[in-house]
Every structure is written in C-alpha cells, then in structure tokens.
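These notes are about the structure you will find just below.
The values are calculated or read from the model by the stated rules, or taken from the named source; none is laboratory data. Remember, predicted model here, so these are calculated numbers, not experimental data. Cβ coordinates were reconstructed from backbone atoms using ideal geometry, including for glycine residues, and neighbour counts include every protein chain displayed. What goes into the accessible areas is simple: the full protein's heavy atoms, side chains included, and nothing from ligands, DNA or RNA. Shrake-Rupley method; radii C 1.70, N 1.55, O 1.52, S 1.80 Å.
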Amino acid sequence: RPILHRETRIGREGRPFCLIKFRTMRNCAGATVAADDDPRIHRLGRHLRRSHLDELPQLWHVLRGQMSLVGPRPYKPEHFALLSLEQQHELRQFRPGMTSEAGLEFLAEDASLAAYPEPETLYLNVLLPRKAQRQIRDFKAQGMIADLRVLGRTLTVLFSSRLRMRSQVCLRQILDQESRRPHCRD
C-alpha cells in the first residue's frame, strides 16, 4: 500500500508533473534504478513490470494532456539533469509518451542490468544517454504512421516475449562492450 506510486517527472517544456503508476516495489527509497533482480520488487510487481502493465495508470496523463500515447518516456528530474544540455533542450520540445521506438529497443533494460554488479551506474552512464539520443532522433522524424506502428508493436509486447528477448540481447551486447572498456579514474 498504497496501490499507486507517484513520482515527479519532467514534461514538455521542462515542466515537472506527478506521474502515477502501479506500485511494484516494497520500499522505493534508495537507488533510482531497479534491475530485474532487485529485492525491493514484490512478486506481483515483477509481473507488472515485465508486462509493462504498471504503466496503465498513465492513461490518465494522456487524457489530461500531460503525456501522449507515443513520445519519449518522461525522465526523473535527477536523470534528466545527467543528460547533456543539448539533449535536455531537445527533449523539452516533445510531450512525453507512454511508449516509443526507443522504449521498445530498451524494453528489457531491467533484465539486462540484473547481470551486472552496479546496475544503477551502468544505467546512468551507458543506457540513459543512449536512450535519450535515440528518442531525440526518433521524434525529430516521427509521423502519424510511425506512431501507429509503435502502438502496434507495443501491443504485441503484451502477448509475446520476442521483442523483450531481442531487446535483452542487444542491451547486453552494449553493456558487455562498455564493461570491457577501460575507464579513466580521477
């Protein structure tokens, strides 16, 4: 309890709004990223996350005009602040959405991150900037036909695990490549 989880997200023109979704975690304090094996995720929450049914309450935001069905996912303020100023500027131009082509590509990020010892660090340093860049590229060229295609592909996620598996393979390749790369330390 409570059934709904509320958190601040960044909307169009950088305006914050209170996003709602079904609660999937026992205690939301601590890390801002939860890998698939995070012990804070309760049993029903794991199913809701894998099927993305935890996002259904966001239809309320679509009806209110804060979000659209298709658009870049709204960012947590602390994650938005980590993006480059150029990415922030570009993302402010779009109304956030419930699904997107980039969202489908990064569909299994929670499962992919579970295989690594520092999932939050990898997400913030590797996946977050790549996802933002992909969203910007997609929505500069997006049209109604592409939006309908994304909605169709999103619906297939509810009935097929094929997209999730493909996403997991691609994301693990990115993360494996990044984890082998030497990093400079201060």
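Do you know which of the residues in the stretch 128-169 that are among the polar types (S, T, N, Q) and open to solvent by less than 30 Å² (accessible area, probe 1.4 Å) is nearest to residue 82 (Cα to Cα)? Reasoning before the result, please.
As a first pass, look at the stretch 128-169 and keep what is among the polar types (S, T, N, Q): 133, 135, 142, 154, 156, 160-161, 167-168.
Those left that are additionally open to solvent by less than 30 Å² (accessible area, probe 1.4 Å): 135, 167.
Working: 135: 16, 167: 24 Å.
Result: 135.
Inspect the stretch 70-87 for any residue being at pLDDT below 90, open to solvent by 30 Å² or more (accessible area, probe 1.4 Å) and assigned to a loop (DSSP other than H, G, I, E, B) and give the result as yes or no. Walk me through how you get there before you give the answer.
Here is the first cut: in the stretch 70-87, the residues at pLDDT below 90 are none.
No, the stretch 70-87 contains no residue that is at pLDDT below 90, open to solvent by 30 Å² or more (accessible area, probe 1.4 Å) and assigned to a loop (DSSP other than H, G, I, E, B).
Would it be correct to say that residue 13 is exposed (fewer than 15 other Cβ atoms within 10 Å of the Cβ), of a type in the set (D, E, K, R) and under 20 Å from residue 132 (Cβ atoms)? So that I can check it myself, show each step before the final result.
Working: exposed (fewer than 15 other Cβ atoms within 10 Å of the Cβ): yes; of a type in the set (D, E, K, R): yes; under 20 Å from residue 132 (Cβ atoms): yes.
Yes: the conditions hold for residue 13.
Would a scan of the stretch 53-67 turn up a residue that is β-branched (Val, Ile, Thr) and closer than 22 Å to residue 1 by Cβ?
Taking the stretch 53-67 first, the residues β-branched (Val, Ile, Thr) are 62.
After this cut, where a residue has to be closer than 22 Å to residue 1 by Cβ as well, the list is none.
No; the residues of the stretch 53-67 include none that is β-branched (Val, Ile, Thr) and closer than 22 Å to residue 1 by Cβ.
Give the stretch 33-53 a look and list any residue that's assigned to a helix (DSSP H, G or I) and within 22 Å of residue 154 (Cα to Cα), or say none.
As a first pass, look at the stretch 33-53 and keep what is assigned to a helix (DSSP H, G or I): 43-51, 53.
Once the filter is applied, which keeps residues that are assigned to a helix (DSSP H, G or I) and within 22 Å of residue 154 (Cα to Cα), the stretch 33-53 yields 44, 45, 46, 47, 48, 49, 50, 51, 53.
Inspect all residues belonging to the stretch 111-127 and state whether any of them is within 26 Å of residue 14 (Cβ to Cβ), open to solvent by 20 Å² or more (accessible area, probe 1.4 Å) and aliphatic (A, V, I, L, M).
Scanning the stretch 111-127 turns up at least one residue that is within 26 Å of residue 14 (Cβ to Cβ), open to solvent by 20 Å² or more (accessible area, probe 1.4 Å) and aliphatic (A, V, I, L, M).
Has the stretch 95-108 got any residue that is in contact with a Gly (Cβ under 9 Å, 6 or more places away or on another chain), closer than 28 Å to residue 18 by Cα, touching a residue at least 60 places away in the same chain (Cβ under 8 Å) and not in a helix (DSSP H, G or I)?
To start, the set of residues in the stretch 95-108 that are in contact with a Gly (Cβ under 9 Å, 6 or more places away or on another chain) comprises 95-100, 103.
If we keep only those that are closer than 28 Å to residue 18 by Cα too, we end up with 95-100, 103.
Still in the list and also touching a residue at least 60 places away in the same chain (Cβ under 8 Å): 95-96.
Filter once more, keeping what is not in a helix (DSSP H, G or I): 95-96.
Within the stretch 95-108, one or more residues are in contact with a Gly (Cβ under 9 Å, 6 or more places away or on another chain), closer than 28 Å to residue 18 by Cα, touching a residue at least 60 places away in the same chain (Cβ under 8 Å) and not in a helix (DSSP H, G or I).
Looking at (1) more than 21 Å from residue 61 (Cα to Cα); (2) modelled with pLDDT of 85 or more; (3) in a helix (DSSP H, G or I), find the lone condition where residue 157 falls short.
Of the numbered conditions (1) more than 21 Å from residue 61 (Cα to Cα); (2) modelled with pLDDT of 85 or more; (3) in a helix (DSSP H, G or I), the odd one out for residue 157 is (2).
Output yes when any residue across the stretch 176-186 is in contact (Cβ under 8 Å) with a residue 24 or more places away in the chain, over 28 Å from residue 59 (Cα atoms) and surrounded by 13 or more Cβ atoms within 10 Å (Cβ to Cβ), and no when none is. Outline the logic, then answer.
Quick first cut of the stretch 176-186, residues in contact (Cβ under 8 Å) with a residue 24 or more places away in the chain only: 178-179.
Checking the rest, the ones that are also over 28 Å from residue 59 (Cα atoms) come to 178-179.
Now restrict to residues that are surrounded by 13 or more Cβ atoms within 10 Å (Cβ to Cβ): 178-179.
Yes, that holds for at least one residue.
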